[in-house]
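The values are calculated or read from the model by the stated rules, or taken from the named source; none is laboratory data. Please read all numbers here as calculations on a predicted model, not as lab measurements. Please note: Cβ atoms are built from the backbone with ideal geometry, for glycine as well, and neighbour counts cover all protein chains shown. Note: areas computed on protein heavy atoms with side chains; ligands, DNA, RNA excluded. Shrake-Rupley method; radii C 1.70, N 1.55, O 1.52, S 1.80 Å.
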Amino acid sequence: LLMTLGGMLAFALVYSLSWKGGLSPLRIILVGVAVDAMFTGLMSAFNSGTGSSYSGVASIVNANITQKTWDDFRTLAVYAAVGLIASLFVTGRCNLLALEDRTAQSVGVTGSRIVISVIGVLLASISTAVIGPISFLGLIVPHIARLLVGSDHRVLVPYSMVLGAFTLLLADTVGRTIAAPYEISAAVVMSVIGGPFFILLLRRSKQGYGG
């Protein structure tokens with residue numbers, strides 16, 4: 001719950017600080033980087049000031065689905081079900097947001113952008129709280145899905161749900177088997193493979209599709 005509230009607080013800060021007669025995607029990104037740096041610094045200062053060990057932080061950074069309990073599953077399932085179902089109802093608005101920013105504003109979807117962002121923050125926050133941050137998962141999967149099924153969010157969103165779950169399980173399986181009997185976390189696998197793969201997707205996107 002605290003992680004979810006923290007995600008919502010960061011979201012509110014980014015959007016409120018980014019607002020200047022409207023919302024610019026570039027301004028949102030830059031403000032988001034600044035807010036992330038601020039919270040990272042505050043967390044480091046807090047850990048240093050209290051003499052806390054970094055074992056808890058390390059367990060989050062090396063996120064995986066090992067040793068998760070049914071209580072964790074039930075907590076995640078409730079929030080995820082609400083967020084995923086809500087996301088299916090805004091897929092049409094997502095298609096409008098794919099238009100140029102001025103065009104999207106002219107058809108009145110500024111409020112929809114905030115609603116969609118709240119749904120995304122809810123899903124990302126609860127997933128990070130239970131499993132931890134899995135680098136590049138949220139970046140790579142939608143790009144792959146767009147290449148496979150196109151840019152219609154009515155198909156892209158549900159397809160990305162299934163593909164994202166499959167990708168996480170695949171990364172976890174690779175981490176468990178590639179160096180057995182030792183285990184490499186899914187986050188590390190995604191970081192090592194995901195970074196170069198995402199760069200490849202970015203280079204291809206300029207040639208193949210707008211995205």
Inset, instruction - Exactly one condition in (1) closer than 21 Å to residue 9 by Cα; (2) in contact (Cβ under 8 Å) with a residue 60 or more places away in the chain; (3) of a type in the set (Gly, Ala, Ser) is not met by residue 151; state its number. - result: (1)
Inset, instruction - Take the stretch 133-170 and flag every residue that is part of a helix (DSSP H, G or I), within 19 Å of residue 88 (Cα to Cα) and hydroxyl-bearing (Ser, Thr, Tyr). - result: 159, 160
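Rundown of residues vs (1) at pLDDT 80 or above; (2) surrounded by 12 or more Cβ atoms within 10 Å (Cβ to Cβ); (3) within 16 Å of the chain's Cα centre (by Cα), yes/no style:
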| residue | (1), (2), (3) |
| --- | --- |
| 150 | yes, yes, no |
| 155 | yes, yes, no |
| 160 | yes, yes, yes |
| 168 | yes, yes, yes |
| 171 | yes, yes, no |
| 175 | yes, yes, no |
| 196 | no, no, no |
| 205 | no, yes, no |
| 209 | no, yes, no |
Legend entry - Unmet requirement for residue 183, which otherwise passes all of (1) crowded, with 17+ Cβ neighbours inside 10 Å; (2) not in a helix (DSSP H, G or I): (1)
Inset, instruction - Would you be able to tell me the number of residues in the stretch 1-18 that are open to solvent by 70 Å² or more (accessible area, probe 1.4 Å) and either of a type in the set (Val, Ile, Thr) or at pLDDT 75 or above (or both)? - result: 4
Inset, instruction - Provide a single number: the residues in the stretch 42-74 that are modelled with pLDDT of 55 or more and in contact with a helix residue (DSSP H, G or I) (Cβ under 6 Å, 6 or more places away or on another chain). - result: 4
Legend entry - Residue pairs meeting the criteria (Cβ under 8 Å; at least 6 apart or on separate chains; first of a type in the set (S, T, N, Q), in the stretch 161-187; second part of a loop (DSSP other than H, G, I, E, B) and modelled with pLDDT under 90): 185/62; 185/63; 185/64; 185/66
